[in-house]
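Asker: I am attaching a structure below and will ask some questions about it afterwards.
The values are calculated or read from the model by the stated rules, or taken from the named source; none is laboratory data. Fair warning: this is a prediction, and the values are worked out from it, not measured in the lab. Note: ideal-geometry Cβ built from the backbone for every residue, glycine included; neighbour counts use all protein chains shown. Surface areas here come from the heavy atoms of the whole protein model, side chains and all, with no ligands, DNA or RNA. Shrake-Rupley method; radii C 1.70, N 1.55, O 1.52, S 1.80 Å.
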Amino acid sequence: MIKINENYLKLQASYLFSDISKRVTAFQDANPDKKIIRLGIGDVTRALPQACTDAFHKAVDEMADESTFRGYGPEQGYDFLREVIAKEDFQSRGADISADEIFISDGAKCDCGNIQEIFSTDISVAIPDPVYPVYLDTNVMAGRTGEFTDGKYQDVTYLDCTKENGFLPSLPTEKADLIYLCFPNNPTGTTISKEELKTWVDYAKANKSIILFDAAYEAFVNDETLPRSIYEIEGAKEVAIEFRSFSKTAGFTGTRCAFAVVPKELMAYDTNGDKHSVHALWNRRHSTKFNGVSYPVQRAAEAVYSPEGKKQVAELITYYMKNAALIRKEIADLGYDLIGGDNSPYIWIDGKTDSWEFFDLLLNKTGVVCTPGAGFGKCGNGYIRISAFNSYENVVEAMARIKDAL
Ligand code: MLT
């Protein structure tokens, strides 16, 4: 008799964004003439930068010609992309990352979800609450958690992020082997200073832990004093893996390209206490289970770093951050407490009521889709997240509808 992985039975019924999508579809079916404005899932709406589409077209033409055609590429990514990432994203900011520590992939979601596979199932895991659901769900699937009771999984160290602590997690009081951090934060939009991030690096060093640092939103950081990479912190190469993505930075949500940085210094231990290279383990996993991102997509990603690409990406970010500033202003004027939206495309709003009720109210009264904070964890209840990814005109309209309705 074929048996299932029963850890899947512990998962909540469906993935947050699928749940939202179902409710929105039902609303649209019942109100076919209503124009829905989607400020829920962080999905970009602007076209790819011209520099990227030019590089994309050129690479597709190369694939159409036998003399320049390419078959399987290196699983870890082409050198042309790994090298420019190492130079532009890390070395230029004083972080000593080399090209061969970068693994190109088809998404930070997949990387964040897959990475836990190379660690033992009996390690302790610390996860912020609220949190991007992928970190938690993939640990549930792997069997690192107990049952879900009273809004939390047993055997997980939750790092509660609340108004009281400025939505910044505190160091765990019990030992955590694997720690998930995301800055600028999804969903709250909070940022972390270099000094605060250093306390996590020091904790990880002292406890032989590993930090999984999700920096998918680093391009939205305006404040130059804030770190964009954990490797700007001394010693982080010994204790951290970083995830980056072209999705939100350059509009690649539908094109798919991201990368993980796994430094060679990073070690993890077997039951005898002998150390092993995490880079080697990840390389083994990646080359067994992944065949690389397509050549034209990698060329399009490379173009992000060209002079025109940099200019066009900066314009994209400025565009979305103008939306974020408008959302912040309008919602604050309505008397709601909020955070985020200044160094992040997400605005986290205290809705002063149950999150799903607020979600339904907004959808039914205004046709605006947000994300209910409760979907990100127990500490998210009472909050909603509004995303700045949409056209400026739609954001203006959404804010006008909300002002009328609330
Ligand atoms: C979000 O809205 O949190 C993100 O778009 C989800 C994702 O990147 O997978």
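Asker: For the chain, which whole percent of the accessible surface, found with a 1.4 angstrom probe, sits on carbon and sulfur atoms?
Answerer: About 50 percent, which is the carbon plus sulfur part of the accessible surface.
Asker: Restricting to bridges with both residues inside the stretch 211-274, how much of the DSSP beta-bridge set is antiparallel, in percent to the nearest 5?
Answerer: Percent antiparallel among DSSP bridges in the stretch 211-274 is about 50.
Asker: Sticking with this one: Using only alpha carbons, build the gyration tensor for the stretch 321-394 and give me the equivalent ellipsoid semi-axes, biggest first, whole Å.
Answerer: After scaling each eigenvalue by five and taking roots: 18, 14, 11 Å.
Asker: Highest first, please rank the peptides 240-248, 269-277, 8-16, 292-300 by the mean number of other Cβ atoms sitting within 10 Å of their residues.
Answerer: Per-residue Cβ counts within 10 Å, averaged per peptide and sorted highest first, yield 240-248, 292-300, 8-16, 269-277.
Asker: Please give the solvent-accessible surface of Met63 in Å², to the nearest 10, using a probe radius of 1.4 Å with every protein chain present.
Answerer: In the full protein context, Met63 sits at about 60 Å².
Asker: Would you kindly calculate the mean projected area, averaged across all directions, of the convex hull enclosing the Cα atoms of the stretch 172-316, in square nanometres?
Answerer: Its Cα hull, projected and averaged over all orientations, spans 10.5 nm².
Asker: Can you compute the modelled spin-label distance between Gln91 and Lys310, with each label point 7 Å from Cα toward Cβ, in nm?
Answerer: Once both label points are built, they end up 1.4 nm from each other.
Asker: Still on this structure, please answer the following. Just the accessible area for Lys264, please: 1.4 Å probe, Å², rounded to the nearest 10?
Answerer: 90
Asker: While we're looking at this one, here's another question. Suppose we take every Cα in the chain and form the convex hull; what volume per residue is that in Å³?
Answerer: Output value, Cα hull per residue: 169 Å³.
Asker: Heavy-atom accessible area of Glu308 with all protein chains present, probe 1.4 Å, nearest 10 Å²?
Answerer: Number for this one is 100 Å².
Asker: Using the Kirkwood formula on the Cα atoms of the stretch 249-406, what hydrodynamic radius do you get, in angstrom to one decimal?
Answerer: Roughly 18.9 Å, rounded to one decimal.
Asker: If you count only protein heavy atoms with a 1.4 Å probe, what accessible area per residue comes out for the chain, rounded to a whole Å²?
Answerer: 43
Asker: Moving on. Mind telling me which of Asp129, Asp106, Asp177 comes out most flexible in a GNM of the chain, alpha-carbon contacts under 10 Å?
Answerer: Asp177
Asker: How much of the DSSP beta bridge set in the chain is antiparallel, as a percent to the nearest 5?
Answerer: Here the share of antiparallel DSSP bridges comes out near 60 percent.
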